[in-house]
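Bear in mind that the values in this text are calculations on the coordinates, not laboratory data. Just so it is clear, the structure is predicted and the values come from calculations on it, not from any experiment. Note: ideal-geometry Cβ built from the backbone for every residue, glycine included; neighbour counts use all protein chains shown.
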Amino acid sequence: MALAVLMMLLPAAAAAPGSEEAPEASWRWPVDAAREVAEPFVAPVHDYGPGHRGVDIVAGAGAIVRAPAYGIVAFRGVVVDRPLITLDHGGGIVSTFEPVASDLAPGTVVQAGDEIGTVVTGGHSAAGHLHIGVRMNGSYINPMLMFGDVPRAILLPCCEAITRGGGPVGRSL
């Protein structure tokens, strides 16, 4: 259900308000490098459980980081030891990139492809990696959904009815 809602929101979130352009179904990759994921998203079992609430991609120190879609800089600064930048894309979708040094001020409007900073060192990611986190209505989601790199789930026929005592479950004989 959440995936269906996300897929409906993607076109609205990808276009700038009042934009005449047709919305794009997926975000632009944030670095000018191959799409290489070093650490995948691992959803926690519950809000405070362990997991990896984003993806780490390969992006060398000094690599330019670009806005994946229209957004407004919501935060730029250091949290603990991590320089980061957060973009509000509207529709409840927020993205965060770290470790990224940037001169952009909160409130700055960016378009897809605009430079938002450069990869530096610090934070929990290994050197040469960029961490990308995405929240939808406050909950972390797999950022790769936004880049169109997660295949759709396909429901396949399961198996023959499970039987108890030789008969199908839920049927009277």
Could you tell me which of rounded, prolate or oblate describes segment 25-166, using a ≥ b ≥ c as the square roots of the eigenvalues of the alpha-carbon gyration tensor, with rounded for a/c under 1.5 and, failing that, prolate when a/b is larger than b/c and oblate otherwise? prolate
Based on the alpha-carbon gyration tensor of segment 72-116 and its eigenvalue square roots a ≥ b ≥ c, which shape applies: rounded if a/c is under 1.5, prolate if not and a/b is larger than b/c, or oblate? prolate
Counting alpha carbon pairs within less than 8 Å and at least 6 residues apart, what relative contact order, in whole percent, applies to segment 22-108? 22
Grab the beta carbon distance between VAL42 and ALA126, set R0 = 22 Å, and tell me the FRET efficiency rounded to 0.05. 0.90
Would you mind calculating the gained length between VAL78 and LEU156 on full extension (0.36 nm times residue separation, minus the Cα-Cα distance), in nm to one decimal? 23.5 nm
